[in-house]
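For reference, the structure is listed below as structure tokens.
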Amino acid sequence: MIKLEPFVQNDFQQLMDWVDSEELLIQWSGSLFSFPLTMRSLEWYVTNTNVINESDAFVYKAVDTETGLVVGHISLGGLSWKNRSSRISRVLVGNADRHQKGIGQQMTRAALKIGFEELGLHRISLGVYENNKPALNCYLKCGFNIEGVARDILWFNNEYLSMVEMAILEDEWKAMNP
């Protein structure tokens, strides 16, 4: 079981250790950060977050409740209180030996639960690069619907990557979680 807790300065080094290549950095954050991650860039990232009604982002670490180990990272950002909407971003299952074990789904569902049940949101969206098939499948299993593709949105490794735009609405979440 996964629970989400605020991502704080004591968590920075672990995230920097996980994001050990430019390719993984791009997959995790698009062009938001430069490689390698630094303490300074992560301080900027968490500044003024995790304060309800004063923030447009909540940044979390994912903790395995059985072991107490931090196993991932996820953000619920781009909050629009007026439109009751947000966007999941920067999803990362930390260690490669934990990939394909359902942790990403648990993290995503935990963020959806916070968004819909605690923050009262109506819509939560996300974008995933089309070449990231495991993440795409994860989000489909969590109830997201594909809304479109932003073609050739990012230039990386001498090729353009397209982004699949997905979203889930509160009534779809409620139907899956009665």
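The values are calculated or read from the model by the stated rules, or taken from the named source; none is laboratory data. On a predicted model such as this, the values are computed, not experimentally measured, just so you know. In this analysis, Cβ positions are derived from the backbone assuming ideal geometry, glycine residues included, and neighbour counts consider all displayed protein chains.
Meeting the requirement of 3 or more residues that are without any contact (Cβ under 8 Å) to a residue 12 or more places away in the chain and over 20 Å from ASN177 (Cβ atoms), no strands (runs of 3 or more DSSP E) wholly within the range 65-129 can be named. Among the residues of the range 102-116, some residue qualifies, meaning at least one is surrounded by 16 or more Cβ atoms within 10 Å (Cβ to Cβ), of a type in the set (Ser, Thr, Tyr), within 20 Å of VAL19 (Cβ to Cβ) and at pLDDT 95 or above.
Whenever a residue of the range 1-27 is in contact (Cβ under 8 Å) with a residue 60 or more places away in the chain, its partners that are of a type in the set (Gly, Ala, Ser) and in a loop (DSSP other than H, G, I, E, B), lying with C-beta atoms within less than 6 angstrom and at least six residues away or across chains, give the pairs TRP18/GLY94.
Taking the listed residues PHE35, PHE12, the one that is modelled with pLDDT of 85 or more, in contact with an Asp or Glu (Cβ under 6 Å, 6 or more places away or on another chain) and surrounded by 11 or more Cβ atoms within 10 Å (Cβ to Cβ) is PHE35, with no other qualifying. Do the conditions hold for PHE7, that is, is it closer than 22 Å to ALA135 by Cα, among the aromatic types (Phe, Trp, Tyr), at pLDDT 90 or above and surrounded by 20 or more Cβ atoms within 10 Å (Cβ to Cβ)? Judged against the criteria, PHE7 is a match. Within the range 137-162, the set of residues being at pLDDT 95 or above and among the aliphatic types (A, V, I, L, M) comprises LEU140, ILE146, VAL149, ALA150.
Remark: ASN137 falls outside the filter, which requires a residue to be part of a loop (DSSP other than H, G, I, E, B), surrounded by fewer than 15 Cβ atoms within 10 Å (Cβ to Cβ) and of a type in the set (S, T, N, Q). Please verify whether the range 73-94 includes one or more residues that are surrounded by fewer than 17 Cβ atoms within 10 Å (Cβ to Cβ), of a type outside the set (A, V, I, L, M, F, W, C) and either in contact with a helix residue (DSSP H, G or I) (Cβ under 7 Å, 6 or more places away or on another chain) or over 18 Å from ALA167 (Cβ atoms) (or both). No, the range 73-94 has no match at all. Criterion applied to ILE153, ILE146, ILE168 was being without any contact (Cβ under 8 Å) to a residue 60 or more places away in the chain, touching a Cys at 6+ places or on another chain (Cβ under 8 Å) and surrounded by 12 or more Cβ atoms within 10 Å (Cβ to Cβ), and the one residue passing it is ILE168. Is it the case, given these coordinates, that ILE146 is outside any helix (DSSP H, G or I) and at negative phi? Yes, satisfied.
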